[in-house]
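These notes concern the structure reproduced below.
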Amino acid sequence: MAVDKHAVKKIARLARLQISEEKSELLSADLGNILNWIEQLEEVDTTGIEPLASVNEHSLPWREDLVTDGEINDQVLKNAPETAGEFFVVPKVVE
Amino acid sequence: MSDLLKMTATQAVSSLSQKEISSVELTNAYIDAMETTSALNNYVTPTIEIAKQMAENADKAYAAGSAGPLAGLPIGVKDLFCTKDTQTTACSGILKGFTPTYESTVTSQIWQSGGVMLGKLNCDEFAMGSSNETSIFGPAVNPWSAKDGAALSAGGSSGGSASSVAAGSALMSVGTDTGGSIRQPAAFCGVVGLKPTYGRCSRWGIVAFASSLDQAGPFTRTVGDSALIFSAMAGHDSKDSTSASVGVPNFSDVVNSSVEGMRIGIPGEYHMDGMDDEITRIWKQGRSWLEQAGATIVDISLPHTRYALPCYYIIAPAEASSNLARYDGVRYGNRVDAETLDEMYEATRAAGFGEEVQRRILIGTYALSAGYYDAYYLKAQQVRRLIKQDFDSAFNNVDAILTPTTPTAAFELGAKISDPITMYLNDIFTVPANLAGIPGISVPAGLSKQGLPLGLQLLAAPFREDRLFSVASAIETQAQFSLAPARAAGELS
Amino acid sequence: MSALVSGRTGDWEIVIGMEVHAQVVSNAKLFSGSSAVFGASPNHHVSLVDAAMPGMLPVINAECVKQAVITGLGLNAKINKFSVFDRKNYFYADLPQGYQISQFKHPIVGEGEVQIELADGSSHIIGIERLHLEQDAGKSLHDQHPSKSYIDLNRSGVALMEIVSKPEMHSAEQAAAYIKKLRSILRYLGTCDGNMEEGSLRADVNVSVRKPGEPLGTRTETKNLNSVRFIMQTIEYEVQRQIELIEDGGAVTQETRLFDTTTGMTRTMRGKEDAHDYRYFPDPDLLPLNFDDAFIADLKKDMPELPDEIKSRMVTEYGLSSYDANVLTEEKEVAAFYELASAGRDRKITANWMSVELFGALNKAGIDLAQSPVSPEQLGGLVDLISDGSISGKIAKEVFADMFETGKDAKQVVEEKGLKQVSDEGAITSMIDEVLASNQDKVDEYRSGKDKLFGFFVGQVMKASKGQANPGMVNQILKQKLDT
């Protein structure tokens, strides 16, 4: 399965990764090779096989509805690259 | 080299309890070793002052008779575990400078048991790699070097964790294993590396790579040491929904149990075309050792083995592409400013993530994208079930499975980094265990003709690490493997 | 029966679907232990998990699961004992994980329905497609700075129930009735407080048009509407816009739009040109959600009565009109008040007093039922006095006004003011005799045909009795006397 440059750019956009023109050519080749290699899986007969999302045998555990967390705004903001008062700050988004 | 550094953890605990040595002495010896082996580039953030303080606390505990099972033992931590108030980077540019305000559950348990933190250890960026060459801090170097002196990879992703234990700059260390990242470096460096059953150790506070595959585990010099630290690391954590509610027995008790009567499976599919003769030889050797120890060898089949790697290389990148979406420069991490939010994301992530990480994010995004989900991700999950079923069947017939850990001994730095697939093939024997969620251990079995360590891998049914310890111990006893050459290479006095 | 809109080229049918996001009433968030309560200082109700710090993991809140099941039961919907949480992947500043934990292929609740009543008395069933649990996002403030947006994650991770209707509404009126009814059900069940202004209930409206009999037209989605009025305006505007567009030879683009509350128009959302590929996959940090029939039965047992059930009872057992029953069940608190006030006494009279007098007084004073100075028991006491003839309806109004002002019981007011109705035949007869005697000329006029004067006599008797004479009795005796 070839992955053309256009597809690479689209995927990079979905992943919010800036890829240079040059890099997208290299990646196109790389990804193409990897995907080809992965395609061996098509050989496996998986008719009627349920996908395995988790190896866990147990059920999803539930927690009680108690407020046991929060009120740690100083910790939450501590590593932020930019803040204003108690807010995180990002470049303005126009909707 | 100082006698202090030669002791195993089990021996150290004994000496410390009997006040033959002090924790401070022991820790200081390791701090010196960190200095003398610094060329190996194992520690990315040493925590000397913290180590000294913790050692003092351990001595007080011993004096008061309240020392925990790991009290005073100097331990290194892969830089993937969030450590409170100590920089945690996942060896990535995007997290350089990040200081967590919280401690991972596993390391928390280790410190509560009295362990002493020497520092944060080098690894592949976001645990993605098999050679520790994708780290922003440069590669971790194997203390074993090639005959011509060429520098060798310590393996990956937990290269620093394996190398430090082999070099004697950590008594024990912790790492993580998603596709072999503990077992493979352990084999390359000649130390014991354990990947527990999925769900044994909490994932809370560990930088996530592939959530359904990641598992924390120890590096040690001996199987006995592995059981000691593993008992402290394991346990249910209500903060991790995938954490198993199983009890943690004292694994040290089972280490020396006999393997007499145990059935050991040898999977035919692990004989790979073009496999290194040395690997075949050591595998045969392991088999014969176990026979001598009274085990029965059984030929078994794990029919879907060859599909494990491609299966892994869809699932792991897919989960990673989603897990790494949070590294966006908004709440933490290094941001590259831009005019718009999207431009900021793109620039930040392009600058912060290395090539291999970007590659895997793209593959993962692709495998999940519209039109490809069924063919890639869903298909991989189906194959995964088949791989797990192979093991379930096998363990109805045998108690443990013996395989090589790696297809080769440690390779030169730079030798494989240019072709991703060549690098991925390193994980061929280790990946199936992660997909099936079963525990695996690598134990050093001997040296290659080039004088490099060769490891053997044992696999067991879920939550049967006890079997791993017994069988690995039997191999260890027969192999009589010595770390002396590594320490010599690490230039310890 | 769908309402049709006439365009230049003929009639058009409107097709509306709604996706409602309802914040679950719970103490803590869906997958973390921080508070789900509204109104805290920015980033205070945020845990490390909510902030998506490295290594953080989700753990599900049992209460949110229960609330979703209860809501499903209230919608007569299929409850799925097995459901899965999926990651919906996209990038936005108020989405710290870079994905939202939601449910895609296997939601917790399946198909259900809501019954709506319109002003013309007609009743319609609107189908529910599904209900699933998901995380709410944080809040972005875009107006605090010229070139920057400010992010507050307090709301990030709060549990939402997304309730998806089938595209079975055909007018703005139906849509309004639907959202009001849905809101009422949620409030009755206590699973969502339905506060649209605060954002705990929001709607995305899908609108398309087609010529009757034709296949479905292309729909647009207008997001985040937080009032019934805006929903109706959006529908009206979109319908007109789409009809005009098509009739002018254009085509409707499938897109997401925003409603401008100042202009009353919708517009395309900027930057949404590239279609979202959410790359849904089961969240590997979570396991499938499982529960059994016993769990559901337990919740069903303790469920509060629903408005439709109560309404039905009011009409069939209490003899109230459908309209009155509607008014009295619009809010859970109203129905509860009514139930208490009317228990063991005349249901109809009580209903009337509540919906006309009490609500009138509350409106005038600008207060809620919760702040009513007249309690349900007190209202009941007033109704008792009317029923047993102690006071007339007219006097009751005066008594009520006093009760409302002072908070006193009806009986007390009647006693203090001496307002007890006079129903003594003898006393009334003598009053009537006096009035007739002092108005002989009018009596003659009445007897010679001026029927209207009857009212005058009644008035005079009432005046003489200070309004306390039993009007029925006055009428009866007066008639007797005048017609002989």
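Every number in this text was worked out from the coordinates using simple rules, so none of it is lab data. Being a predicted model, the structure only gives us computed values, none of them experimental. Cβ placement follows ideal geometry from the backbone for every residue including glycine, while neighbour counts extend to all protein chains displayed.
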Q: Mind grabbing the base-10 log of I(q)/I(0) for segment C:143-296 at q = 0.09 Å⁻¹? Debye formula, identical points on the C-alpha positions, no solvent, two decimal places.
A: -0.41
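Rounded to the nearest 5, what is the percent of antiparallel bridges among the DSSP beta bridges in chain B?
Numbers: 27 of 42 bridges.
Among the beta bridges of chain B, antiparallel pairing accounts for roughly 65 percent.
How long is the gain from B:Ser258 to B:Ala351 if the chain were fully straight, where each residue apart is worth 0.36 nm and the alpha carbon distance is subtracted? Write out the running numbers ahead of the final one.
Details: separation 93, 0.36 × 93 = 33.48 nm, distance 5.38 nm.
Length gained between B:Ser258 and B:Ala351: 28.1 nm.
Scanning chain B for trypsin sites (Lys or Arg not before Pro) in DSSP loops with at most 15 other Cβ atoms within 10 Å, what's the longest stretch left with none? Don't jump to the answer; show the numbers that get you there.
Working: sites that count: B:Lys19, B:Lys84, B:Lys147, B:Lys449.
Maximal segment without exposed cleavage sites: B:148-448.
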Q: Under 12 Å from a label point 7 Å along Cα→Cβ of C:Leu216: give me every residue in segment C:153-169 with its amide N that close.
A: C:165-169
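Multiply the residue gap between C:Thr261 and C:Glu197 by 0.36 nm, knock off their C-alpha separation, and tell me the result in nm, one decimal place.
Details: separation 64, 0.36 × 64 = 23.04 nm, distance 1.31 nm.
Length gained, C:Thr261 through C:Glu197: 21.7 nm.
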Q) How much length is gained on full extension from B:Ser17 to B:Met272, taking 0.36 nm per residue of separation minus their Cα-Cα distance? A) 87.0 nm
Q. Using the alpha-carbon centroid of each, what span in Å lies between segment B:174-189 and segment B:205-267?
A. 14
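In chain B, once you exclude exposed GluC sites (Glu not before Pro) (DSSP loop, at most 15 other Cβ within 10 angstrom), what's the longest stretch remaining? Could you put the intermediate results ahead of the total?
On the way: sites that count: B:Glu20, B:Glu260, B:Glu339, B:Glu491.
Excluding the exposed sites themselves, the longest stretch runs over B:21-259.
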(Q) If Rh is defined by the Kirkwood formula over all Cα pairs and Rg also comes from Cα, what ratio Rg/Rh do you get for chain A? (A) 1.16
Q: Could you work out how far helix C:425-438 tilts from the main Cα principal axis of chain C, as a 0 to 90 degree angle to the nearest 10?
A: 70
Q: Please quote Rg/Rh for segment B:305-398 to two decimal places, taking the Kirkwood radius as Rh and restricting both calculations to Cα atoms.
A: 1.16
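When the dipole is taken about the Cα centre of the protein assembly as shown, and only Lys, Arg (+1) and Asp, Glu (-1) are charged at their Cβ, what size is it in debye, to the nearest 20?
Numbers: 96 positive and 139 negative charges, 76 e Å.
Magnitude of the dipole: close to 360 debye.
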Q: Evaluate the Kirkwood expression for the hydrodynamic radius of segment B:343-429, namely the inverse of the mean inverse distance over all pairs of different C-alpha atoms, and round to one decimal in Å.
A: 16.6
Q: Specify the longest stretch of chain C that does not include any exposed loop site, a site being one of the GluC sites (Glu not before Pro) with a non-H, G, I, E, B DSSP assignment and at most 11 other Cβ atoms within 10 Å.
A: C:1-196
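List A:Val89, B:Val191 from most exposed to least, where exposure is judged by having the fewest other Cβ atoms within 10 Å. Mind dumping the intermediate values first?
Working: A:Val89 19, B:Val191 33.
Ascending number of Cβ neighbours within 10 Å: A:Val89, B:Val191.
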**Q.** Residue list for segment A:66-95, given a label point 7 angstrom along the Cα-to-Cβ vector of C:Asn27 and an amide N cut-off under 18 Å
**A.** A:66-72
Q.
Can you give me the distance in nm between label points at C:Asp388 and B:Asn397, each placed 7 Å from the Cα along the Cα-to-Cβ direction?
A. 9.1
Q. How many nm separate the modelled label positions at C:Phe82 and C:Asp248, each set 7 Å beyond the Cα in the direction of the Cβ?
A. 5.2
(Q) I'm checking a number: the convex hull volume of the Cα atoms of the protein assembly as shown, normalised per residue, in Å³. What is it? (A) 219
(Q) Please list, short to long, the whole-number percent of alpha-carbon pairs of segment B:108-167 in consecutive 5 angstrom bins beginning at zero. (A) 4, 21, 22, 18, 16, 11, 4, 2, 1
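Based solely on its DSSP helices, what 222 nm [θ] is calculated for chain B when runs of n ≥ 4 H residues each add -39,500 (n - 2.57) and the sum is averaged over all residues, nearest 500 deg cm²/dmol? Each step should come with its number before you reach the end.
Values: 17 runs with 188 residues, N = 493.
Estimated from H runs of four or more residues: -11500 deg cm²/dmol.
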(Q) Taking R0 as 60 Å, what FRET efficiency do you get between C:Ser123 and A:Glu39 from their Cβ-Cβ distance, rounded to the nearest 0.05? (A) 0.60
**Q.** Two-site FRET efficiency, B:Thr36 against C:Phe38, from Cβ-Cβ distance with R₀ of 56 Å, rounded to 0.05
**A.** 0.45
Q. Going down the list B:Lys239/C:Lys78; A:Lys5/B:Lys78; B:Lys239/C:Lys139; B:Lys195/B:Lys416; C:Lys408/C:Lys452, which pairs span over 29 Å between their C-alpha atoms?
A. B:Lys239/C:Lys78; A:Lys5/B:Lys78; C:Lys408/C:Lys452
Q: Compute the distribution of all C-alpha to C-alpha distances in chain C, in bins of 10 Å from 0, and list the percent of pairs in each, rounded to whole numbers.
A: 4, 15, 21, 20, 15, 10, 8, 5, 2, 0, 0
Q: Provide the FRET efficiency to the nearest 0.05 for the C:Thr406-A:Ser59 pair, computing r from the beta carbons and using R0 = 51 Å.
A: 0.30
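Report the Stokes-Einstein translational diffusion coefficient (µm² s⁻¹, integer) for segment B:225-339, Rh taken as the Kirkwood radius over Cα pairs, at 37 °C with viscosity 0.692 mPa s. Intermediate results must be reported in sequence, preceding the final value.
Details: Rh = 19.5 Å.
The estimated diffusion coefficient comes to 168 µm²/s.
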**Q.** Relative contact order [Cα under 8 Å, 6+ residues apart], chain B, whole percent
**A.** 18
Q | Spin-label model distance (nm) - B:Lys60 vs A:Glu82, 7 Å beyond Cα toward Cβ | A | 4.5
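Under the rule of -39500 (n - 2.57) per DSSP H run of 4 or more residues, summed and divided by the residues of chain A, what mean residue ellipticity at 222 nm is obtained, to the nearest 500 deg cm²/dmol? Please report the intermediate quantities before stating the final value.
On the way: 3 runs with 34 residues, N = 95.
That comes out to -11000 deg cm²/dmol.
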Q: Distance between Cα centroids, segment A:1-33 to segment C:405-476: provide it in whole Å.
A: 95
Q: Take the alpha carbon atoms of segment B:44-64, find their center, do the same for segment B:87-130, and report the distance between the two centers in whole angstrom.
A: 18
Q: Just the number, please: Stokes-Einstein D of segment C:286-442 in µm²/s, Kirkwood Rh from C-alpha pairs, 20 °C, 1.002 mPa s.
A: 116
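Once Rh is set to the Kirkwood radius over Cα pairs, what Stokes-Einstein translational diffusion coefficient, in µm²/s, holds for chain B at a temperature of 20 °C and a viscosity of 1.002 mPa s?
Reported coefficient: 97 µm²/s.
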